[in-house]
Amino acid sequence: EKIEDISLDDVISILLSGKKAITITTLASIVISLLVAFSMNNYYKSSAILTINNNDSQSMGLSPGISNLASIAGISLPNSASEDRAALVIETIMTRDFLKHILSIKDVLPELVASESYDGATGKLSFNNNIYDPNSKSWSWDGPSDEDQKPSLLYTHNVYLDEILTIDQDRETAFIHIGVEHLSPVFAKEFLAMIINEANNLMRERDLKEATNALNYLEKELGNTSLIEIKTSINSIIQSQLETKMIANIRDDYLLRTIEPPFIPEKKSKPSRSLILILGTILGFLLSIFYLLIQNFKSSFLSYEQKNTEIE
């Protein structure tokens, strides 16, 4: 019988004859999948929904001429481009400088790169002692480091983007969806709240600094001109900068307004143990069939070649 003459009935016959091997392999796959699934730590994701505060005020009614004058002077006026503001804050949150700022106000580096497991009963987070000793707060990091054997900012930033943070903007609603995933549900919530708070603080400080510098410049220029039109334009720009300072000083949620605040998640976000079990079982089943067919086809091929050799 030639290899190309093998029919579906032959395949079924091969599988039936090897059903014991298929069953054993599939059961072994189930056991291995269960061991893998239950050896994996649970991760929890805290999320929040944000929107961009409309900090625009009467300055939105400024004429194009005044806006051009401010632009020439290097002064940023409030504008209604909330999408641009959203893109700015999203990119800011994702930068290395922002993470560096976060790490400078609270030592969360161990939680980001050295956490190993979380005890839901006690609410305590355990660390990999080969990397970090929580008692002495000392590092034994052998990877990329900056100082004191601590993980480098670049390495930590990669972990931050790849494993911790998720952020994007819904193009239809313009809402910003942000989340933090971690072994500890408590840390996930607290770290997310810190990110939102510090993003607001940085944007507030930046706008306050720009407005103060602009006011100093404008007040100086106001005294150097005698033209009524220029004075009127400068006064309008001064008003817009004063409004910016007022809003920055009275609003805690200066740029980002929280629609849905961060929360302590009760259900894990990953792993999906049922999915791991299903995929592992299917993979083991298919591999056992594939191996059985290959072995039988290989035997048939060798037998066919041997017969041709004898005939010759």
Report the per residue volume, in Å³, of the convex hull enclosing the C-alpha atoms of region 168-235. 113 Å³
Let me check something: with ligands and nucleic acids excluded, how do Thr51, Thr25 order by accessible area (1.4 Å probe), largest to smallest? Thr25, Thr51
Given a 1.4 angstrom probe, I'd like the percentage of the accessible area of region 73-227 that is carbon and sulfur, rounded to a whole number. 45 percent
Set Lys124/Lys267; Lys124/Lys268; Lys100/Lys220; Lys137/Lys189, cut-off 27 Å on Cα-Cα distance; pairs above it are Lys100/Lys220
Over region 162-312, one equal point on each Cα, no solvent: what is log10 I(q)/I(0) by the Debye formula at q = 0.12, 0.20 Å⁻¹? -0.80, -1.19
By accessible area of protein heavy atoms, probe 1.4 Å, what ranking do His101, His182 get, highest first? His101, His182
Please report the accessible area of Phe297 (heavy atoms, 1.4 Å probe, ligands and nucleic acids excluded) in Å², nearest 10. 70 Å²
Between Ser145 and Asn224, what is the FRET efficiency for a Förster distance of 41 Å, r being their Cβ-Cβ separation, to the nearest 0.05? 0.15
Using a 1.4 angstrom probe with every protein chain in place, what is the largest-first accessible-area order of Lys267, Lys150? Lys267, Lys150
Solvent-accessible area of Lys20, probe 1.4 Å, all protein chains present, reported in Å² to the nearest ten, please. 150 Å²
Please give the per residue accessible area of region 86-193, computed with a probe of 1.4 Å over protein heavy atoms only, in Å². 54 Å²
Kindly report, to the nearest 10 Å², the accessible surface of Ile90 as traced by a 1.4 Å probe over protein heavy atoms only. 20 Å²
Report, to one decimal in Å, the Kirkwood hydrodynamic radius for region 82-183 based on all distinct Cα pairs. 15.3 Å
Where region 210-304 is the region considered: accessible area per residue in Å², 1.4 Å probe: 66 Å²
Residue separation times 0.36 nm, minus the C-alpha to C-alpha distance between Met94 and Asn235: what's the value? 47.0 nm
How much length is gained if the chain between Lys209 and Ala37 is pulled fully straight, taking 0.36 nm per residue apart and subtracting their Cα-Cα distance, in nm to one decimal? 56.7 nm
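The values are calculated or read from the model by the stated rules, or taken from the named source; none is laboratory data. On a predicted model such as this, the values are computed, not experimentally measured, just so you know. Quick reminder, even Gly has a Cβ in these numbers, built from the backbone with ideal geometry, and neighbours come from all protein chains shown. Surface accessibility is based on the protein's heavy atoms, side chains included, excluding ligands, DNA and RNA. Shrake-Rupley method; radii C 1.70, N 1.55, O 1.52, S 1.80 Å.
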